Amino acid sequence: MAINYLSSINLGKLEIQNARVHNLASAPSNPVAGQIYYDTTSFTMYFYKIVYDGSNNIISQGWVDIQGDIQEVIAGDGLTGGGASGSVTLNVGAGTGITVAADSVGLDTLHTRNVAHDSITLTAGAGLTGGGDITTSRTFAVGAGTGITVNADSIELTNSGNLTQYKLLMWGANQLEQPNITRTVDQSSNETITFGGAAVVIAGNLTVNGTTTSVNSNEVNIGDSIIKLNSDETGTASQNAGFEVERGTDANVSFIWDETNDYFSTIDQPFHIGNVATMTPDGTDFFYMYENATGETGIVKKANVNTVADLLGAPKWFTLDSTQDSVSKVGNTYTITHDYNTQRIMVQVVDSTTFETVFVDTARPTTSTVTIAFAATVTEGAYIAILSAAKLNGDSLVYEGLTQSP
């Protein structure tokens, strides 16, 4: 029997090799536009043609012999002529500024459309002067501004000769005498002093008595190997502790020790592990998962490999050989008995030597069997079937065919 394809097949512009068009002694019934067949009586290829008018009404339709001459030549844009029979001629139509001769096409250089530029204007943008239409030469000049000097062939900062590397000239007076210390006074007249130079070293202990300590540097190096939070806590622990990241207009994120529930939590954010050691799992090894509570939150737990494989309907392969315990054969049809306990089975048949995919008639008659039917007899063991199960029902998000909880 033929394999049913219920969707269009897109080969991505690849070749169809060693194919044969449908052979019939007479035209097929109920044809559609573009359908083809090979007539074994007249030994001729035919396609079904439907012609519509501008209102999408059918003008004509019928089977057309495709081994004859070209049906019609249509003049496209810029061409005239064409026809549906006999010899036809296509001519290039002349247009404004175009000349057409017996064997050439050229520009009409005498037409004013090709030489008139008085409507084109060059405009000086921001910081420039000059401009105008292009009927004559135009010069653009850079306009000078505050602190800028414009020379004949250069632009420079005014007073640039007094600039020194790593020093910034400032307007105003009352600068402190120390070259690497600047002073500013805020609106409440409380002085803020900024220390420059390579570093500021405090030989003794540093005690900060304010309520907020801000560090604006891009890198903070701390010699202590353990940072203690909640150092002023006494008695029974009662406060959460951790880190919070300021994210501007986006919501802040945290990594917190939850004192109530006795665990570390990222609150409502995903947790990423950068590097995990690899292993070759077997049935005694474990995957680590979370116990889902709300959204993506939960406690990390573990499940062994076999349980996870059963949950997911992991792939299994079967040799199509009737001597196998899980495989039987009647005629050219193999029956595979599996333990997925579902009819939502994905099946792929491959050559057991080349591992190339082959297409055969497959069915899923029960929740424990799959049938694979060949059109002709094949050698036992020449093919293998790879099965996997879709255990998660996407309609209602429940697991099918499982006795254990996911």
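The values are calculated or read from the model by the stated rules, or taken from the named source; none is laboratory data. Remember, it's a predicted structure, so these values are computed and weren't measured experimentally. Using ideal geometry, Cβ is built from the backbone for each residue, glycine included, and neighbour counts are taken over all protein chains shown.
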Take VAL51 and tell me if it is touching a Lys or Arg at 6+ places or on another chain (Cβ under 6 Å), modelled with pLDDT of 80 or more and in a strand (DSSP E or B). no
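Specify the residue that is farthest from GLU244 (Cα to Cα); the eligible residues are those in region 265-284 that are surrounded by 11 or more Cβ atoms within 10 Å (Cβ to Cβ) and modelled with pLDDT of 70 or more.
Applying the first criterion (surrounded by 11 or more Cβ atoms within 10 Å (Cβ to Cβ)) to region 265-284 yields 265-269, 271, 281.
Subsequent filtering for residues that are modelled with pLDDT of 70 or more retains 265-269, 271.
Working: SER265: 12, THR266: 10, ILE267: 11, ASP268: 13, GLN269: 12, PHE271: 14 Å.
So, considering only residues that are surrounded by 11 or more Cβ atoms within 10 Å (Cβ to Cβ) and modelled with pLDDT of 70 or more, the one farthest from GLU244 (Cα to Cα) is PHE271.
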Which residues, counting only those in region 353-371, are touching a Phe, Trp or Tyr at 6+ places or on another chain (Cβ under 9 Å) and modelled with pLDDT under 95? VAL358, VAL360, ASP361, THR367, SER368
Quick check on my filter: what residues within region 59-71 are in a loop (DSSP other than H, G, I, E, B), exposed (fewer than 11 other Cβ atoms within 10 Å of the Cβ) and either without any contact (Cβ under 8 Å) to a residue 12 or more places away in the chain or touching a strand residue (DSSP E or B) at 6+ places or on another chain (Cβ under 7 Å) (or both)? GLN67, GLY68, ASP69, ILE70
Going by the structure shown, is LEU392 touching a strand residue (DSSP E or B) at 6+ places or on another chain (Cβ under 9 Å) and modelled with pLDDT of 90 or more? no
Pairs, please: C-beta under 6 Å, at least 6 apart or cross-chain, first residue free of Cβ contacts under 8 Å to residues at least 60 places away in the same chain and in region 301-316, second surrounded by fewer than 16 Cβ atoms within 10 Å (Cβ to Cβ) and of a type in the set (Ser, Thr, Tyr)? LYS302/TYR288
Hey, could you check region 308-359 for residues that are among the charged types (D, E, K, R) and within 28 Å of GLY394 (Cα to Cα) and say which is surrounded by the most Cβ atoms within 10 Å (Cβ to Cβ)? ASP310
When the residues of region 288-307 are filtered to those that are of a type in the set (A, V, I, L, M, F, W, C) and loosely packed, with under 14 Cβ neighbours inside 10 Å, which remaining residue is modelled with the lowest pLDDT? ALA293
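Of ILE226, ILE256, which residue is among the aliphatic types (A, V, I, L, M), at pLDDT 85 or above and surrounded by fewer than 10 Cβ atoms within 10 Å (Cβ to Cβ)? Break it down stepwise before answering.
On the way: ILE256 fails: surrounded by fewer than 10 Cβ atoms within 10 Å (Cβ to Cβ).
After ruling out the rest, the residue left standing is ILE226.
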Does at least one position in region 139-153 carry a residue that is modelled with pLDDT under 75, of a type in the set (S, T, N, Q) and exposed (fewer than 10 other Cβ atoms within 10 Å of the Cβ)? yes
If you go through ALA237, ALA203, the only one that is more than 30 Å from SER254 (Cβ to Cβ) and either of a type outside the set (Lys, Arg) or modelled with pLDDT of 65 or more (or both) is ALA203
Residue that is modelled with the lowest pLDDT, among those in region 327-352 that are in contact with a Lys or Arg (Cβ under 7 Å, 6 or more places away or on another chain) and more than 14 Å from TRP317 (Cα to Cα): THR342
Cross-chain or 6+ apart pairs with Cβ under 6 Å, region 40-58 first and of a type in the set (Asp, Glu), then assigned to a strand (DSSP E or B): ASP53/ILE59
